[in-house]
Structure formats: C-alpha cells, structure tokens
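Every number in this text was worked out from the coordinates using simple rules, so none of it is lab data. Keep in mind that this is a model prediction, so the values were computed, not measured. Here the Cβ is made from the backbone with ideal geometry for all residues, glycine too, and neighbour counts use every protein chain on show.
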Amino acid sequence: MIFAIGRYSLTLAAKEFSSKTPVVYTLVVDYEPNISQKVAGVAFYIPNDNKIGIIKETLPDTAKIGFIYSTNYTPMAVGLKQSIEKHGMKYIENVIDSDKGFSIALNNVLPNIDCFLIVPDDKIYYSSTIKLLLFEGIKNNVPIIGLNKSFTQMGATLSIECDYEDLGGQVGRIFERIHKGESPNTIGIEFPRKFSTSLNLLSAQKCGKNVSREAVNKANKIFQ
C-alpha cells in the first residue's frame, strides 16, 4: 500500500503505480470520488452540515452567511449552499477568477451578511487576502469563520477544524481494512468524524455579536 499526503502525492500515486497497489490518502481538500478504484482515504474537509450546524449554534442570530470563492471551488460550493438552506439560513456568494477581484467582492458581500465563512480555496485565500478580510470584518461588525485556530488567534470569531489525532486513527483503520482484504473501492472517501472549535471572544465583542454559552463551554480553545 501507499500512503499519499496531499493532492500532488495522491495524483502521482494514483497514476504512476500499479493498478493493483492500493493508495490511502489524507490532507486533500478537493476530493475526487472517481480518481481511481484503488484509492481510499479521509478527505481533509469538514462536512457542510457539521460546519453550518456549529456556526448556527455558536452565533444563533445568524440569518445570512456570506462567502467568496474562485471557480476552483465551484463544485464544492453546491453542497455548502444546500446545507445553509437546510439549516434555515440564506447565503450571499461571490465568485471570482483570482485574488485580484477579492477586495471588490468583499465590499459587495460584507454589508449584507451576519457572518463570513472562509472556504478552503487556496487560489484566493492566503496571507494578504486573509488579513484584509479580518480587518474589514471587524470594521463592518461581521464575524469571520476561519479554518483553524491560527485564524481565530488572528481575529476570526470562530474556527472549526478536524480533530487531527482522530483523523490519523481513521486513516489507520482504512489501512487495516485493506490489509484484511477489503477493496479500496468499497471504502471510498470518508470525512473527518470529530471536530474542534476555537473562539475569539474579543472579536465577537467588537462585532457586537452574542456567542452562545453552549459554544463557549464546548470550545477547545478560547482567545480573549
């Protein structure tokens, strides 16, 4: 078996090695269900229903969620929008081709939403755009939802991420199942089962938002 970490490693392993050699992967955000029948793994992507449910529990007054993404993320945005509507909320989206349109898109979205969700789209989200987003979020009293606790430490109100220890155990169990004779094709793609949250209470206060007591009690890390 081969253990592939990240998109490049997965693509290389799926194409270059024997079709009889199973590949197990993780740390791939833009999962592809049909990349190969010999591939199984855990996508580095928190299921939308879990993510939106945590946002709703943490910021109960949220009615509209905004997000910006590039064309790279378009297929995954479909599920996100469905989940938002499923939880009784609305969304405002803006699709851009590159980071050059990020500032304009942000000005169009922020005045009309209750919180902004950063999506795992590395075509437009990196140091400079994230810093701009966090600054404009505080300026417009809009909480930002980040991808991990480093975002929260920088000023995002809430971040949701995988429980990395459990993720490792989940990958290990896939190895075990294949070793015992199960086909990777029958296992397919799994998603992280456990999540951790971090809160920045000072950021929430600056945005004038109430964070539920339940969310504070459940948070794995609190910045204040």
For segment 139-186, radius of gyration divided by Kirkwood radius, i.e. Rg to Rh on alpha-carbons = 1.34
Filter the chymotrypsin sites (Phe, Trp or Tyr not before Pro) in segment 96-193 down to the DSSP loop ones having no more than 11 other Cβ atoms within 10 Å, then list what survives.
-> 126
Please report the Cα spread of the chain along all three principal axes, rounded to whole Å, starting with the longest.
-> 56, 39, 31
With Cβ to Cβ distances under 15 Å as the rule, what net charge do the other residues near residue 182 carry (K, R +1; D, E -1)?
-> +3
Could you tell me which of the pairs 20/180; 194/221; 123/194; 149/218; 64/206 are separated by over 23 angstrom between their Cα atoms in the structure shown?
-> 123/194
Name the residue, out of 121, 49, 97, whose mean-square fluctuation peaks in a Gaussian network model built on the chain with Cα pairs under 10 Å.
-> 97
How many percent of all Cα-Cα pairs in segment 18-110 sit more than 19 Å apart?
-> 55
Using a cut-off of 17 Å between alpha-carbon atoms, which aspartates and glutamates can reach residue 90, once sequence neighbours fewer than 8 places away in the same chain are excluded?
-> 49, 57, 61, 114
Which of 152, 21, 58 fluctuates most in a GNM of the chain (C-alpha springs under 10 Å)? That residue is 21
Divide the volume of the convex hull of the Cα atoms of segment 72-165 by its number of residues and quote the answer in cubic angstrom per residue.
-> 112
Whole-angstrom gap from segment 43-113 to segment 163-185, using each part's C-alpha centre | 31
Near residue 15, which lysines are there with a Cα under 19 Å away, not counting those fewer than 8 places off in the same chain?
-> 38
Taking the Cβ of residue 159 as the centre, find all other residues whose Cβ is under 12 Å away and add up their charges (Lys, Arg: +1; Asp, Glu: -1).
-> +2
Provide the FRET efficiency to the nearest 0.05 for the residue 94-residue 217 pair, computing r from the beta carbons and using R0 = 35 Å.
-> 0.50
If each K or R counts +1 and each D or E counts -1, the residues other than residue 192 whose Cβ falls under 14 Å of its Cβ total -2
Which residue, 214, 176, 16, tops the fluctuation ranking in a GNM of the chain built on C-alpha contacts under 10 Å?
-> 16
